[in-house]
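The values are calculated or read from the model by the stated rules, or taken from the named source; none is laboratory data. Not measured: the values here are computed from a predicted model. So basically every Cβ, Gly included, is an ideal-geometry build from the backbone, and we count neighbours across all protein chains shown. When the accessible area is computed, the model is the full protein with side chains, heavy atoms only, and any ligands, DNA or RNA have been set aside. Shrake-Rupley method; radii C 1.70, N 1.55, O 1.52, S 1.80 Å.
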Amino acid sequence: MYGYILLHITYVKGMGVVMNETKANSVLIVDDEVLNIMILRHILSPEYTVYVAKSGHSAISAAEMYLPDVILLDIVMPDIDGYDVITALKKSEKTQNIPVIFVTSLTGAGNEEKGLVLGASDYIARPFNPMVVKLRVQNQIKIQNQLRALKEFDSDLMKYILASDALQMGLWDMDVVLDDPLNPNNIMVFSPEYRNMIGYSDERDFPNLVRSWVDGLHPEDKERTINAGGAHLFDFTGQTPYDVEYRFRQKNGEYRYNRAFGRSHRNSEGVPLRVAGAIMDIHEKKQMEHEIRRAEIAEESNKAKSKFLAMMSHEIRTPMNAILGMTELALRESEPDVKNEHILTVKQAGTDLLAIINDILDFSKIEAGKLEIVPGDYSFPSLINDVIRIVKMRVDSRIRLTSDIDGSIPKTLFGDETKIRQALLNILNNAVKYTEKGFVSFTVHGRFVDEDVVELVMEVADSGKGIKREDMEKLFSDFTQFDLEKNKGIEGTGLGLAITHRIVKAMGGSIGVESEYGKGSKFTITLPQKYHERETHGSEAPAAAETPDDSKGIITADSAATFTAPDAKILVVDDILTNLKVARGLLSPYKVQITPCKSGMTAIEAIQSKDYDLVFMDHMMPEMDGVEATRRIRKMGAEDPYYKNVPIVALTANAVSGTREMFLENGFDDFLSKPIDTDKLNSILETWVPKSKQERIR
């Protein structure tokens, strides 16, 4: 493909500009990356004359020389950036009206706003979607063609008439009856070109009356279109333009998009006396815009699917790694207490995996409209005790979990116990997940709103990361996780709050949130529940949670190991304690010296001892992920070759296609996916542990 493209390029000496054969419309591509130029030129050259400038300065010269119809402008370039280029173009009378489409991989509203303020007409993001590129360029060229046509018109209506037929544009003219400007019987004169445009032959088919035009407006557009005319007429300052798009019924019954614009002739007091203008058929333009939007939606959908696939791969494979890894260790273990600890870890990981699968299945049911609320009598204190017992298993020594349960709440309530438990666990687990240290408090009190109804007010507060103000409105949306840079490595499908919101709403309740970014959040679920008797739970109220035991077992049994390396030192980096436990167990047959680390930053500090023969680096971790930690370690290689050469192997639960290549491009030497396969682990260790430290055992 690229050979064919290069065959048609001719250099213009002294300017750094290349072009191809001449066509009706032209595009100037400005980019210093040859590959980007080749891709864009391949997309556009079949339809347009393509000029290419490889620097900002040559772009300005080329624009003034060739006056292209559209400029595709890269933002980041070595001499002057795209913002400086567009500023220069907009200052020049020759080039100020040429539409500029920024082509960039920069993300964020700030970059887009800056470009639009400087005069950009549109944005195209990398990687390129060929259809979106074509349609955006076509749209700008069509707009330019229409603007050129409109500039040919002035106050002399004869000039409009001479050009209207070729442009699919018709004229209209009416004297203003101020007391009743849109009376159906008022005179509104239409040009023959307008009648031809909408399929009518003469005045008998389409009379010169306001009624003719009003009756043809699409019902959904009629009020808005008429109001636009009124706003123009009754603004006696003359500042409100008349320019409106709407759908109009043709003689054959088809609705097509039209654009009407005009201006009023007013007396000295600003009272309109006459209004005249033109109507343009813009149906093809609208179809093009719809095609662009469909292409954008399809692209967004593909990105969302890819993101969801990667996220689900990570979320499902993380507990699977714990299940398979701890099962492997339990099978090797002969000490009953240690074996029992491994089995308990497997059970917890299985519970985590089941929760993820349930989230996905629950969301599918909700989307299909099959969410069922199954009420029945249940024990309120048993429900609360179950919830706190489950959450206690997730709390470590850095978090203080407290509960305060209103003793006046009836012991037996009537509602969907399973759904209430699910909603509370989602909120409490989120609080624990996003709180590194401090507290999580769970409070329930009752308000008796009727003789057989108590309103449960359940509050979960924490001292965690908090939520940004701009993210609050989207908090209960599907697949939503916020502040991803700060929260890297925090597990979750992004479905929990969306499911909770819908469950609570289906049970007749509500959920709200208060949060201060960096200080913590408070979620409040308000839920009405019926009861039969006022008997309270009293002393059965649950106590506050305690920190679970965090002891570790020792592994002594055989494995896939083909050697031992008692002098080898390995740094294992993972923010999840279970994964560190699994790694320690799987590496124990090799008799290597293991140093565990729970974050990228502590790994950087640890590796400065320069003692390690190999580093296993987890990918997704809070604050600093494994990719960023590896980049920083490799940068340290400029001063000491150890940091450049020490083997770093990526540990990840993301098994999506292309992941391995991404790691290798970012300084990793190898890749090991979770769940960890012992044969692959042995192969990795054989490759990267220094041969001089390996003692063969088989």
Heavy-atom accessible area of residue 445, protein chains in place, probe 1.4 angstrom, given in Å² to nearest 10, is 60 Å²
Strictly greater than 20 Å: what percent of every Cα pair in the range 24-141 meets that?
32 percent
Tabulate in residue order the Karplus-calculated ³J(HN,Hα) for the range 377-385, using 6.51 cos²θ - 1.76 cosθ + 1.60 with θ = phi - 60°, rounded to whole Hz; enter x for Gly and Pro.
6, 8, 8, 5, x, 5, 4, 5, 4
3J(HN,Hα) from dihedral phi, the range 213-219, Karplus parametrisation 6.51/-1.76/1.60, rounded to Hz, x for glycine, proline
6, 4, 5, x, 5, 4, x
Taking amide H positions as placed 1.01 Å from N in the peptide plane, with prolines and chain starts having none, which residues 5 or more places from residue 176, or on another chain, fall under 5 Å of its amide H?
274, 275
I'm a student and want to see the number: the projected area of the Cα convex hull of the range 566-698, averaged over all directions, in nm².
7.7 nm²
I want to check the label-to-label distance for residue 636 and residue 532. Put each point 7 Å from Cα in the C-beta direction and report it in nm to one decimal.
6.7 nm
Along the Cα→Cβ direction, 7 angstrom out, place labels at residue 396 and residue 290. What is the inter-label distance in nm?
5.5 nm
With 0.36 nm assigned to each residue of separation and the Cα-Cα distance removed, residue 611 to residue 644 gains 10.5 nm
When only the heavy atoms of the protein chains count and the probe is 1.4 Å, how do 206, 439, 234 rank by accessible area, highest first?
234, 439, 206
Can you compute the FRET efficiency between residue 513 and residue 261 using 1/(1 + (r/R0)^6), with r the Cβ-Cβ distance and R0 = 41 Å? Round to the nearest 0.05.
0.30
For the range 599-668 and the range 262-281, compute the distance between their C-alpha centroids and round to whole Å.
69 Å
Along the range 247-252, Karplus-curve 3J(HN,Hα) (6.51, -1.76, 1.60; θ = phi - 60°) to the nearest Hz, with x for Gly and Pro, reads 9, 10, 7, 7, 4, 7
Over the range 569-698, relative contact order from alpha-carbon pairs under 8 Å, at least 6 apart, %:
21 percent
For residue 470 and residue 231, what does the FRET efficiency come to when R0 = 25 Å and r is the distance between their Cβ atoms, rounded to the nearest 0.05?
0.15
The answer for residue 209, listing residues at least 5 apart or on another chain whose modeled amide H is closer than 5 Å to its amide H, is 188
Between residue 409 and residues 5 or more places away or on another chain, which pairs have amide H atoms under 5 Å apart, with H built 1.01 Å from N, and which residues are they?
537
Can you list the equivalent-ellipsoid semi-axes of the range 600-659, largest first and in whole Å, using the square root of 5 times each Cα gyration tensor eigenvalue?
21, 12, 10
Cβ-Cβ FRET estimate between residue 662 and residue 683, R0 fixed at 22 Å, reported to 0.05:
0.60
If I ignore ligands, DNA and RNA and count only protein heavy atoms, how much of residue 66 is accessible to a 1.4 Å probe, in Å² to the nearest 10?
50 Å²
